[in-house]
Every structure is written in structure tokens, then in C-alpha cells.
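Structure record follows, encoded as C-alpha cells.
Just so it is clear, none of the values below were taken in a lab; they were calculated from the coordinates. If you're wondering where the values come from, they're calculated on a predicted model, not measured in any experiment. Here Cβ is always computed from backbone atoms with ideal geometry, including for glycine, and neighbour counts include all displayed protein chains.
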Amino acid sequence: MAKQIPLVDYLVLGDDPHLVAHECTSCGARFFDRRNACASCGRTEFSQVALPTEGEVRAFTIVAFAAPGIPTPFVAAMVDCGGTSVRTNLINVPPDPEHVALGMQVRLATQVVGTDDEGTEAVGFGFEPKEG
Ligand SMILES: [Zn+2]
């Protein structure tokens, strides 16, 4: 199997891919990017928490125009994962209002987004509809 590296550092690969957030140990606010201080309370201590891999679509938009090289249309969404909002794209679903809805149940899915000269795969994530 090819060596794989996550496209973003809060994506954990392996047998059970999941997202990891930094959680403020003082107020519980969660952030995906690294922070020097909590945006909510200003404290500087964080712990790492694994997020549930399933969630619910809270907001979405169908993007028709994007930078050159990015295939459109695609679905940009906010997904609630156990109380944490994740900014993501919806994948493995037709990008139209008949197939995407608020409240839709989705789950984390990974996809290879590129391969370098040594064959190392860069892996990104999106959320796909949960069957059943
Ligand atoms: Zn805080």
C-alpha cells in the first residue's frame, strides 16, 4: 500500500480515520487549527479530542464558481459532529438540491487528492451520505 499523508494535520488516517480538534481545557471551545490562545476565553491550555465520524448537515451551499482547476459544482457544508462544527465538502453525492438537504446524516470519508513523485498519497476528507 502506498504511503499516505493527511492533507490537513487534524485528519488522522489509519484503520479508523477521524478528525481531531484542540479543545480548550478551561472553557471547552474547540478549534481545528493550532491556537496560541483560546478565542473564547484567552487561556492557553488545550487538549486533543477525537470527534465522532458521523454528523448532521447544518448548512450547505452548492458552489458553482471556484478557482481554476477546482471542479465545480461541489457542495460546501457545515457538519455538526457531536456538537463541534466542521467546515467540509460533501462528497460521493450529486451536487444538487435534490440530493443534499439540511439535517442530512453524513459520515467522514477520505479521498486521495494527489500523489507526489515518490508515490506518497496526500489524503483529504469530506463527508458522504450515511446509507440507511
Ligand atoms: Zn477557552
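Sort out which residues of region 1-29 are farther than 25 Å from Ala122 by Cα and of a type outside the set (Val, Ile, Thr), and write them in order of number.
Within region 1-29, Glu23, Cys24, Ser26, Cys27, Gly28, Ala29 qualify.
Go through (1) within 16 Å of the ligand (Cβ to nearest atom); (2) under 22 Å from Leu90 (Cβ atoms) one by one and return the number of the condition Ala29 breaks.
(2)
Identify all residues within region 35-59 that are of a type in the set (A, V, I, L, M) and touching a Gly at 6+ places or on another chain (Cβ under 9 Å); write none if there are none.
Selection gives Leu51, Val57.
Pairs please, first residue from region 14-31 and without any contact (Cβ under 8 Å) to a residue 60 or more places away in the chain, second anywhere and more than 10 Å from the ligand (Cβ to nearest atom) and among the polar types (S, T, N, Q), Cβ atoms under 6 Å, 6+ apart in sequence or on different chains.
Val20/Gln48; Glu23/Ser47; Thr25/Ser47; Arg30/Thr84
Which of the residues belonging to region 32-46 are exposed (fewer than 12 other Cβ atoms within 10 Å of the Cβ), more than 8 Å from the ligand (Cβ to nearest atom) and either under 20 Å from the mean Cα position of the chain (by Cα) or of a type in the set (A, V, I, L, M, F, W, C) (or both)?
Matches in region 32-46: Asp33, Arg34.
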